[in-house]
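Data block below; observations after.
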Ligand code: FES
């Protein structure tokens with residue numbers, strides 16, 4: 001990805017310039033990483049290099065901080081983010097079977113993205129919908145009372161709508 005000259009990197013540079021005159025560069029690192037992820041959806045290597053250069057912070061330190069916090073994504077997320085709840089209520093109602101079905105279907109594990117860039121699978125602790133357990137959230141939509149078959153059908157639906165260029169809009 002060519003970062004130089006793109007709108008995101010210019011925004012990031014401006015943001016860093018605004019911080020540079022106030023306090024030690026390292027004290028702003030978390031805020032800068034948040035800003036980077038807000039702009040890109042993850043932390044691209046080129047943006048990390050730009051942070052090192054502009055803020056004069058060693059690359060190793062930046063990567064150390066970025067990998068320490070699970071909040072930060074180091075790889076480009078898929079077009080659809082699946083958060084499968086493995087919290088107690090969902091686990092008791094069969095979340096492990098749902099996970100197995102999703103893994104078999106997409107051939108990815110937690111924290112990974114499918115080769116076609118369509119789905120990223122994340123683990124959630126509780127999505128606040130325990131009454132509908134087991135539950136997964138795709139982007140900002142909750143899908144409850146899942147069975148392995150239902151979960152796979154939902155993923156198939158996303159994939160087929162993607163193929164047709166139709167945006168998915170409804171909960172199941
Ligand atoms: S434990 Fe899964 S939604 Fe609460």
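Rounded to the nearest 10 degrees, the angle from helix 7-20 to the longest Cα principal axis of the chain is 50 degrees. Between residue 96 and residue 61, the contour length at 0.36 nm per residue exceeds the Cα-Cα span by 8.9 nm. Compared with the dominant principal axis of the Cα atoms in the chain, helix 95-106 is inclined by about 70°.
Taking 0.36 nm per residue of sequence separation and removing the Cα-Cα distance, the residue 140/residue 126 pair yields an extension gain of 3.6 nm.
I'd like the antiparallel share, as a percent to the nearest 5, of DSSP beta bridges with both residues in the chain. Around 55 percent of the beta bridges assigned by DSSP in the chain are antiparallel ones. FRET efficiency for the residue 45 to residue 109 pair, using the beta carbon distance and R₀ = 22 Å, is estimated at 0.45.
Against the chain, whose longest principal axis is taken from its Cα atoms, helix 29-40 shows a tilt of about 60°.
Computed from the coordinates by the stated procedures, all read-outs in this text should not be read as laboratory data. None of the values given here were measured: they were computed from a predicted structure. Here the Cβ is made from the backbone with ideal geometry for all residues, glycine too, and neighbour counts use every protein chain on show.
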